[in-house]
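Trainee: Please see the structure below; I have some questions.
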Amino acid sequence: MTPVNATDTLYRVLIADDEPIIREGIREAMDWAALGMEVVGEAEDGEEALERAVELNAHVVLVDMNMPFLNGIGLIRALQEQCPGVRYLIISGHDEFAYAQEAVRLGVEDYILKPVQADQLKAALERLRQRLDEEHQRTAYVRQAAQQIERNIPLLRQRFCQEWMEGQASGKNLTEQLTFLHLPSGSPVQVGVVRWPAAEARQTILRETDRQLYLFAIENIIAELLDDRAHVLFRDASSVIGICLWQEAPEEIGSLLEKQISACLNISVHTHVEPHLGLLEEVPDTYRLCREQVFEEVKLSPLVRRARQLIQEEYAERELTLESLASRLQVSAVYLSRVLKKELNDSFVTLVTRARIRKAAQLLDSTSLPIHSIAERVGYDTQHYFSTAFKKTMGISPAQYRKNGGTDNSSAGPI
């Protein structure tokens, strides 16, 4: 049934009765326009009434109970299947309780006995019109609400993810919310954070309008780099930008984001992206880890941050050594080694190994590549050397790791 706005459209009425004089009498007895209705057709038997009601998209059918081929009850049942929005008003010469009972069960609006009295019919039609008006008004309100919700889906997603990361959504409600917001029902595969420290440090002199414009620009750059991967961006109370990704981004997405934002906006941001392998309820834990990492970034010197970034990007290069890295950063190898140990509490070799093993674990999880190929991809000359380093870091061999479907050992975490 097509919804009707009763204020400017007439409800379509079909008169179904096997007696022409009855049909004519009903048609002529009413001021249909005053009732907000129009007679669009007539039928002299139940089968014709069914066909015409469908064809004319009738809103109201006046039904004679005792028609040939298909009686009134049969017609109503058939119409309920084919046109569930139709309303019925029975006009019958049968004053039988069984008919009335069945009519009530089928949702008939009114039951009028022949001979039809004009005032009774008018009153019944007015009641029916009022119910139709109310129903269509409710439909309009629901449709408007649905359209409003659809327009606000991006904002609702952001608010939901913010509340989710704060631990305010869990269990069945969490899955239902994801479905309602047209998001995948499974866990995000990556969670990330982007922080612009200068916005906080300079808040007293940075105009709020400018701050919001920069944050909006940062979000646009993030969305552009994530391309069409299923994701949601949101801000927490301190304007840190959170990222939930349901399709995996490249491992170097964090450094790519920092470079692009710096190039486009000439500002420095800190990013951290973590893979998430746990349950939906555990996503906030991964988010908190990311957030802790970016807030630790302010303690790092630009030299250490740049060194770490190069290691993350070039860990697979066999030529990557402490000396080559120090040369690129224009410092001595001794000094670079000392500041890495001081600020990250790890040596150059440990940082490179961790980056290599982390990538190897991802390849073992997500591909069927042979172990010797994975060893080459992450920068090891031999499978034996790779397996030794992997077992020392992860606690089990690469083959056992793959067989077990991964491990909870976190020692190969981000550098």
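The values are calculated or read from the model by the stated rules, or taken from the named source; none is laboratory data. Remember, predicted model here, so these are calculated numbers, not experimental data. Cβ coordinates were reconstructed from backbone atoms using ideal geometry, including for glycine residues, and neighbour counts include every protein chain displayed. Please note that ligands, DNA and RNA were not included when accessible areas were found on the heavy atoms of the full protein model with its side chains. Shrake-Rupley method; radii C 1.70, N 1.55, O 1.52, S 1.80 Å.
Trainee: May I ask you to give the percent of accessible area on the chain that is carbon plus sulfur, with a probe radius of 1.4 Å?
Mentor: Values: 10710 of 21760 Å².
In the chain, the share of accessible area belonging to carbon and sulfur is 49 percent.
Trainee: Hey, if we sort His182, His384, His276 by accessible area with the 1.4 Å probe, largest down, what's the order?
Mentor: Details: His182 105, His384 140, His276 15 Å².
Highest to lowest solvent-accessible surface, that is His384, His182, His276.
Trainee: Under unit Cβ charges (Lys, Arg +1; Asp, Glu -1), what dipole magnitude, rounded to 20 debye, does the chain have relative to its Cα centre? Kindly include the intermediate steps, with their values, before the conclusion.
Mentor: Values: 45 positive and 61 negative charges, 721 e Å.
Charge dipole, the chain, about its Cα centre: 3460 debye, nearest 20.
Trainee: Now for a different question. Given contacts defined as C-alpha pairs under 8 Å and at least six residues apart, what's the relative contact order of the chain, whole-number percent?
Mentor: Details: 531 pairs, mean separation 39.9, N = 415.
10 percent.
Trainee: Of (1) 39; (2) 63; (3) 45, which is the value of percent of Cα pairs over 29 Å apart derived from the coordinates here?
Mentor: Evaluating percent of Cα pairs over 29 Å apart on these atoms matches (2).
Trainee: For His384 and Lys259 in one chain, what is 0.36 nm times their gap in residues minus the Cα-Cα distance, to one decimal in nm?
Mentor: On the way: separation 125, 0.36 × 125 = 45.00 nm, distance 3.61 nm.
Contour length minus Cα-Cα distance gives 41.4 nm.
Trainee: Continuing with this model, one more query. I'd like the orientation of helix 46-56 relative to the chain: the angle between its Cα long axis and the longest Cα principal axis, in ° from 0 to 90, rounded to 10.
Mentor: The helix 46-56 is inclined about 50 degrees to the chain.
Trainee: Which percent, nearest 5, of DSSP beta bridges in the chain are antiparallel? Let's see the in-between values first.
Mentor: Numbers: 16 of 34 bridges.
Given both bridge residues lie in the chain, the antiparallel proportion sits at roughly 45 percent.
Trainee: Hey, another quick one. Per DSSP H run of n ≥ 4, the term is -39500 (n - 2.57); total these for the chain, divide by its residue number, and report the mean residue ellipticity at 222 nm rounded to 500 deg cm²/dmol. Write down the numbers at each step before the final one.
Mentor: Working: 18 runs with 227 residues, N = 415.
The helix-only estimate for the chain comes to -17000 deg cm²/dmol at 222 nm.
Trainee: Now for a different question. Counting only the backbone N, which residues of the stretch 302-327 are under 12 Å from the spot 7 Å out from the Cα of Val349 toward its beta-carbon?
Mentor: Label zone hits: 322.
Trainee: Further, regarding this structure: With every protein chain left in place and a probe of 1.4 Å, what is the accessible surface of Thr382, to the nearest 10 Å²?
Mentor: Roughly 70 Å² of Thr382 is accessible to a 1.4 Å probe.
Trainee: Using the heavy atoms of the protein chains and a 1.4 angstrom probe, tell me the accessible area per residue for the chain in square angstrom.
Mentor: Details: 21760 Å² over 415 residues.
Each residue of the chain exposes 52 Å² on average to a 1.4 Å probe.
Trainee: Right, another one. Just to confirm the number: angle between the C-alpha axis of helix 208-226 and the first principal axis of the chain, 0 to 90 degrees, nearest 10?
Mentor: The angle comes out near 90 degrees.
Trainee: What full-extension length gain, to one decimal in nm, is calculated for Asp365 and Ser170 as 0.36 nm per residue of separation minus the Cα-Cα distance?
Mentor: Working: separation 195, 0.36 × 195 = 70.20 nm, distance 2.74 nm.
Additional length available on full extension: 67.5 nm.
Trainee: Could I ask something else about it? With a cut-off of at most 14 other beta carbons within 10 Å, and DSSP calling the residue loop, which GluC sites (Glu not before Pro) in the stretch 277-345 qualify? Please list them. Please report the intermediate quantities before stating the final value.
Mentor: Values: sites: Glu281, Glu282, Glu292, Glu296, Glu297, Glu313, Glu314, Glu317, Glu319, Glu323, Glu343; in loops: Glu317, Glu319.
Passing both the DSSP loop test and the Cβ count: Glu317, Glu319.
Trainee: OK, next. Between the DSSP loop rule and a limit of at most 15 other Cβ atoms within 10 Å, which trypsin sites (Lys or Arg not before Pro) in the stretch 140-202 are left?
Mentor: Qualifying residues, ordered by number: Arg202.
Trainee: Only sites in a loop by DSSP and with at most 13 other Cβ atoms within 10 Å count here; which trypsin sites (Lys or Arg not before Pro) in the stretch 315-415 make the cut? Show your work: numbers first, answer last.
Mentor: Values: sites: Arg318, Arg328, Arg338, Lys341, Lys342, Arg354, Arg356, Arg358, Lys359, Arg377, Lys391, Lys392, Arg402, Lys403; in loops: Arg318.
In loop regions of the stretch 315-415 (DSSP not H, G, I, E or B), the sparsely surrounded trypsin sites (Lys or Arg not before Pro) are Arg318.
Trainee: What ranking of Asp64, Asp227, Asp365 comes out by heavy-atom accessible area, probe 1.4 Å, highest first? Numbers along the way, then the final one.
Mentor: Numbers: Asp64 5, Asp227 100, Asp365 80 Å².
Accessible-area ranking of Asp64, Asp227, Asp365, largest first: Asp227, Asp365, Asp64.
Trainee: Here is a follow-up. For a Förster distance of 56 Å, can you work out the FRET efficiency between the beta-carbons of Ser397 and Glu224, rounded to the nearest 0.05?
Mentor: 0.85
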